[in-house]
Amino acid sequence: MGESGEGARSATIRRNTQETRIELQLALDGSGEYQIETGIPFFNHMLESFTRHGLFNLQLHAEGDLAVDLHHTVEDVGIVLGQALRQARGDAAGIRRYGAQILPMADARAEVAVDVSNRAFLVYRVQLANPRVGNFDTSLVEDFLYALAQNGGLDLHVNLAYGQSPHHAVEAIFKGLGRALRQALELDPRQRGVASVKGVL
């Protein structure tokens, strides 16, 4: 069921490469507390929104080769967070498995749906007229979500229905992701075992 205490759905992951060094602690049944530092202020803000709306507890410290590009850090955080989600949920017994959220953010509306299935897939339908928020390339959001889905065993669908501001659009996606995952990973008191006719995910 993860680390950090008896019955706790939590995980600690460390990943060091020649490009990034990441340490992450995640608790699924938290209260939205976070300490996040990636060296990328906008990405920090998005992960904070994800954590707060998912009611997870997340401690994350990432050091990457930001002088080269932001890509390695963003993608590797997705890898590590996905690994932590998979480890923390254990065999997934009792979870609701599915979650979905339609989330408005000023001029933007994002739709996020997830199946915690152990069959990774990403559908990402997001078109933005302005591809940058400061020095953050919004195409990195897809890279992050792909890494998250692949390593977390998530069937993840993200659709931006509309939105002009790239900040609002990306923030709606991260908040919607947090809330959809929160719903999918919640323990259902009526669910015995795994929510699958196979008996395993």
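So what is the accessible area of the range 1-146 per residue, in Å², with the probe set to 1.4 Å?
Numbers: 7010 Å² over 146 residues.
On a per-residue basis, the range 1-146 sits at 48 Å².
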Requested in this report: Evaluate the distance, in nm, between pseudo-label points positioned 7 Å from the Cα of residue 119 and of residue 161 along their respective Cα→Cβ axes.
Outcome: 2.8
Requested in this report: Compute the long axis of helix 166-185 from its Cα atoms, compare it with the longest principal axis of the Cα atoms of the chain, and write down the angle in degrees, 0 to 90, nearest 10.
Outcome: 10
Query - In degrees, nearest ten, helix 140-152 long axis to first principal axis of the chain (Cα) - result: 20
Query - Protein accessible area in the range 61-118, 1.4 Å probe - carbon and sulfur % - result: 54
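Helix-only mean residue ellipticity at 222 nm, the chain, DSSP H runs n ≥ 4 weighted -39,500 (n - 2.57), per residue, nearest 500. What is it? Can you show the working numbers first?
Working: 4 runs with 66 residues, N = 201.
It comes out at -11000 deg cm²/dmol, rounded to the nearest 500.
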Query raised in the report: Taking θ as phi - 60°, what are the ³J(HN,Hα) couplings along the range 45-57 by the Karplus curve (6.51, -1.76, 1.60), each to the nearest whole Hz, with x for Gly and Pro?
Result: 4, 5, 5, 5, 5, 4, 5, 5, 7, x, 6, 8, 10
**Report entry** Given the chain, longest segment not containing exposed loop trypsin sites (Lys or Arg not before Pro) (DSSP; at most 12 other Cβ within 10 Å)
**Finding:** 1-118
Query raised in the report: R0 = 25 Å: FRET efficiency of residue 127 with residue 150, Cβ-based, nearest 0.05?
Result: 0.65
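Report the rotationally averaged projected area of the range 16-105 based on its alpha-carbon convex hull, in square nanometres. Walk me through the intermediate numbers first.
Values: hull surface 26.7 nm².
So the mean shadow area of the Cα hull is 6.7 nm².
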Query raised in the report: Given springs between every Cα pair under 10 Å in a Gaussian network model of the chain, which of 94, 176, 78 has the largest fluctuation?
Result: 94
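Return the inverse of the average 1/r over all pairs of distinct C-alpha atoms in the chain, which is the Kirkwood hydrodynamic radius, in Å to one decimal. Can you show the working numbers first?
Working: mean 1/r = 0.0595 Å⁻¹.
Mean inverse Cα-Cα distance, inverted, gives 16.8 Å.
Charges at C-beta only: +1 for Lys and Arg, -1 for Asp and Glu. How large is the resulting dipole of the chain about its Cα centre, in Debye rounded to 20? Write out the running numbers ahead of the final one.
Details: 19 positive and 24 negative charges, 174 e Å.
With only Lys, Arg, Asp and Glu charged at Cβ, the dipole is about 840 debye.
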Report task. For residue 139, list long-range residues whose amide hydrogen, built 1.01 Å from N in the peptide plane, is under 5 Å from its own amide hydrogen. Result -> none
Requested in this report: Quick one: go through the range 53-73 and flag any residue whose amide nitrogen is under 13 Å from the point 7 Å out along the Cα-to-Cβ line of residue 16.
Outcome: 63
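The values are calculated or read from the model by the stated rules, or taken from the named source; none is laboratory data. In this text the structure is predicted, and so the values were computed from the model without any measurement. All Cβ positions, glycine included, derive from the backbone under ideal geometry; neighbour counts span all protein chains shown. Surface accessibility is based on the protein's heavy atoms, side chains included, excluding ligands, DNA and RNA. Shrake-Rupley method; radii C 1.70, N 1.55, O 1.52, S 1.80 Å.
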